Amino acid sequence: MAHVYFDHNATTPPDERVVAAMLPFFREHYGNASSRHEFGTSARKAVEHAREQVAALIGVEPSQVVFTSGGTEANNLFIKGTAGYLRPGQIAVSAIEHPCVAKPAQELTRTGWKLRKLGVDCDGRLDLDDVDAAFKERAGIVSVMLANNETGIVQDIAAVAEKAHAAGAVMHTDAVQALGKIAVDFKALNVDALTLSAHKIYGPKGVGALVHDKRTSLRPLLAGGGHERGLRSGTENVPAIVGFGAACELAVSRVRDFTSRIAEMRDMLERGLDDRGAVLFSKNARRVPNTSYFAFPGVDGETLVIELDKAGYAVASGAACSSTSTEPSATLLAMGVAPEIARGAVRVSLGHGNTLEQIDAFLRTLDFVLLKLKRLTAIAV
Ligand code: PLP
């Protein structure tokens, strides 16, 4: 049975044009980008071209882009790298950050930093009063994600950044889930640093970037040969970086697909979910156009995901890219969702390859699956 892929927030299928751009850098152009000979200089040229492509997508200078092994490393580089330069103070992060922000922020408490979790309302919107209260104390580091991986909610980062700067803090946003889905403009966001990842935008896994205002000081995580202006030692993964650049260039022209066709599919899906009695999370908030996060009261999310997989649909439960546990989603709990509802959470995240026909067929399959699960529960009781 052909599987329909509805899990684009976990990862996206690499675009054929991205793969085609990468292949020569596995084959003929395999040089080390630091080497002085022709093999090396052609690899270096490709890395610098990719840096320009990444920079162009978010409106920065290429020299502001530091390539990393992905979003996880970029977030760690920002938090640990900035803390490496500052006297311990307060680090404020939202209560719904991805673990690769939440955990390094937590780790700083071992070296004298005070962690402040910024609360969200029932739709997952950052509580700006809580932000004001937090920044009464001089805030050293602030990190708030632009779009959430589970609910898709988009935060008003520029407003938070203004408050953060007024409190003397360095402001970062994890834009991994926003890139390619909505316009991401470094200057408009008013941040000092921003994280990107290639595999969420039809690029390869294992490559991303920390983009920063060069006035911010960062201590590198890795000691070594001083690549990436001393901020990320290690021989550059040239094919992956080239693929990242190509994916960024494609993303420029494809954002429109998200705001029109993908949003239309998402709305059709949500009308169908609503008709079937689903609870839709973050329904009333501004979200990226491809994400629906929902639960059917009384239906376990993991079980629903497994049954839908058997029926040919790849969807996610909870925070798919990080969780193997059955604990309810920390994001939903922070939004005040009851644990028994949160345990039912299922996420559908659409992409360029999906169609309205797939949504229609999915809703019909959902009817069968829900009926089957309800019968099973009735027998168990
Ligand atoms: N930040 C967010 C919001 C994510 O959804 C992810 C994805 O899993 C990451 C960071 C981590 O990115 P990467 O998989 O490139 O390490």
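The values are calculated or read from the model by the stated rules, or taken from the named source; none is laboratory data. These numbers were taken from a predicted model, which means no experiment stands behind them. Here the Cβ positions follow ideal geometry from the backbone for every residue, glycine too, while neighbour counts run over all protein chains shown. Areas reflect the complete protein model, heavy atoms only, side chains present, ligands, DNA and RNA absent. Shrake-Rupley method; radii C 1.70, N 1.55, O 1.52, S 1.80 Å.
Within the listed set S329, S260, S197, the residue fluctuating most in the Gaussian network model of the chain (springs between alpha-carbon atoms under 10 angstrom) is S260. Using the Cβ-Cβ distance between T111 and E61 with R0 set to 35 Å, the FRET efficiency works out to roughly 0.60. Length gained on full extension, D267 to T326, computed as 0.36 nm times the residue gap minus the Cα-Cα distance: 18.4 nm. Taking one equal scatterer on every alpha-carbon of region 37-116, how large is log10 of I(q)/I(0) by Debye at q = 0.12, 0.19, 0.21, 0.24 1/Å? Log-scaled intensity ratios, in q order: -0.50, -0.87, -0.95, -1.07.
Against the chain, whose longest principal axis is taken from its Cα atoms, helix 157-166 shows a tilt of about 50°. Mind checking the angle between helix 71-83 and the chain's longest principal axis? C-alpha axes, 0 to 90 degrees, to the nearest 10. Approximately 60 degrees, to the nearest 10.
Measuring between alpha carbons in the structure, the pairs from K205/K310; K181/K205; K45/K205; K187/K214 lying more than 24 angstrom apart are K205/K310. Other residues with beta-carbon under 14 Å from the beta-carbon of R138 carry, at +1 per Lys or Arg and -1 per Asp or Glu, a net charge of +3.
In a fully extended conformation the segment linking D275 and C122 would gain 52.9 nm over its present Cα-Cα distance, using 0.36 nm per residue. Of the residues T326, T109, the one with the largest accessible area comes first in the ranking T326, T109, computed with a 1.4 Å probe on protein heavy atoms.
Among the GluC sites (Glu not before Pro) within region 1-110, those in coil by DSSP and having at most 14 neighbouring Cβ atoms inside 10 Å are E28. Accessible surface comparison of F368, F25, F6, probe 1.4 Å, protein chains only, largest first: the order is F368, F25, F6. Summing +1 for each Lys or Arg and -1 for each Asp or Glu among the other residues whose beta-carbon sits under 11 angstrom from that of V191 gives -4. Per-residue ellipticity at 222 nm from helix content only, as computed over the chain with -39500 (n - 2.57) for each DSSP H run of at least four residues, stands at -12000 deg cm²/dmol.
The alpha carbon centroids of region 234-293 and region 146-198 are separated by 16 Å. Once the Cβ-Cβ distance of H3 and D129 is raised to the sixth power relative to R0 = 56 Å, the FRET efficiency obtained is 0.80.
Of the beta bridges in the chain, as assigned by DSSP with both residues counted there, near 50 percent are antiparallel. Rounded to the nearest 10 degrees, the angle from helix 356-380 to the longest Cα principal axis of the chain is 60 degrees.
Using DSSP to call loops (not H, G, I, E or B), can you name the chymotrypsin sites (Phe, Trp or Tyr not before Pro) in region 43-91 whose Cβ has at most 16 other Cβ atoms within 10 angstrom? Answer in residue order: Y85. All other residues whose Cβ lies under 13 angstrom from that of L308 are scored, Lys and Arg at +1 and Asp and Glu at -1, for a net of -2. Stretching the chain fully between T377 and D257 yields a gain of 39.2 nm (0.36 nm per residue, less the alpha carbon separation).
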